[in-house]
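The values are calculated or read from the model by the stated rules, or taken from the named source; none is laboratory data. All of these numbers come straight from a predicted model, not from anything done at the bench. As a convention, Cβ positions derive from the backbone with ideal geometry for all residues, glycine included, and neighbour counts pool all protein chains shown.
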Amino acid sequence: MKTKFSELNLNEAISLLTELGDGETVTRLSAVLEENPQLAETNLEDLPETIDLETAKWKGTEHAYGYIAMDSDGDNFLDIQPATTLQPDQNLKGQLVNIKLGSLYTMNYPGWGRHNVLMHFKCKHAKENTNETALIEFEQKFKSKEGEGAGNIGDFVFLGLRVPSNGMQFEVQTVNVSNDGDDEALKVLESDTIKNGLDLVNASFSTLAPFTKMAQGVLGLLLSRNKNKIVQQFTIGFDFDTNAVDIAKLKIGTYVVAQVKKNELPWNEWIYQRSTGLVVNKQDNSIRLPYNHVTFNILNHQ
């Protein structure tokens, strides 16, 4: 079974989106199919660039990575720079950090109205004074309206994550949960215990294994249902090598990841507005970043 919306071909996408009530996108895809019947079996991610699918920005797989440059002056507007251009903080090697979710912005998700979104996180956690690492997985669930951010702000994901000496790998998947009955079953992921994040400080690798297995099991179960599909999936291989030109660098601060082709999002045209907590257009602050995006913070563990 296909687990990502981007993997669906035109016929499959029209069928599923009809079930989800996304009439606007169904109308557009149906028009594309009528004009180009030879594309019926073409995956959405492989459709020609000449075909405009404004209501299906979620069909792509590429993401752009930005870093919000914080300052101590209290300015309301903060610049955003490509995360690949940062100077990494070498002092973070082997240190404990927290990863905190800023928010999830469902600016253009399949379906309509309200969205139930499972966020599945993976990260490599290092054992103290060794080169041994373990892949840790964890999940949280959010509710969000189309064109808005989730109601939750600042939920911890991982606390006390030890940064591997060769860099930190962080992966995120967002699953649009649309199958009847799954929302009720996942309410446990909205509990305060889950919102507090996964505390790694006093946990051994062996005690963390059940959390990872549980997260994998929940993800596998959801994706076995036809209506539930991955919308976004990205991996950031945070690096310490200053010569790695196309890799994000690790430092304390806030990152923003947007579902859009990198060449279509010049970060110097966008800024972070402290007073609203939003990424907005530099020339017109009433315009919000129109792409699905996630913000998260790397913090020193206290």
For this session: State which residue pairs qualify: first residue under 14 Å from residue 79 (Cα atoms) and inside the range 262-291, second residue among the acidic types (Asp, Glu) and surrounded by 15 or more Cβ atoms within 10 Å (Cβ to Cβ) in any location, beta carbons under 7 Å apart, and separation of 6 or more residues or different chains.
Result: 271/79
Exercise. Looking at residue 92, is it out of contact with any strand residue (DSSP E or B) (no Cβ under 6 Å at 6 or more places or on another chain), buried (at least 19 other Cβ atoms within 10 Å of the Cβ) and not assigned by TED's automatic domain parsing to the domain that holds residue 228?
Worked result: no
For this session: Output the number of the condition that residue 27 fails; it satisfies all remaining conditions of (1) more than 21 Å from residue 225 (Cα to Cα); (2) touching an Asp or Glu at 6+ places or on another chain (Cβ under 8 Å).
Result: (2)
Exercise. Can you find even one residue in the range 97-112 that is of a type in the set (D, E, K, R), out of contact with any Cys (no Cβ under 8 Å at 6 or more places or on another chain) and not in a strand (DSSP E or B)?
Worked result: no
Exercise. Of all residues in the range 192-208 being assigned to a helix (DSSP H, G or I), touching a residue at least 12 places away in the same chain (Cβ under 8 Å) and not charged (D, E, K, R), which is nearest to residue 153 (Cα to Cα)?
Worked result: 194
Exercise. Just for strands (runs of 3 or more DSSP E) wholly inside the range 124-191: which have at least 1 residues that are basic (Lys, Arg) and touching a helix residue (DSSP H, G or I) at 6+ places or on another chain (Cβ under 9 Å)?
Worked result: 133-145
Exercise. Do you know which of the residues in the range 222-248 that are in contact with a Pro (Cβ under 9 Å, 6 or more places away or on another chain) and modelled with pLDDT of 95 or more is farthest from residue 294 (Cα to Cα)?
Worked result: 229
Exercise. Just checking, how many residues over the range 250-299 are surrounded by fewer than 21 Cβ atoms within 10 Å (Cβ to Cβ) and in contact with a helix residue (DSSP H, G or I) (Cβ under 9 Å, 6 or more places away or on another chain)?
Worked result: 7
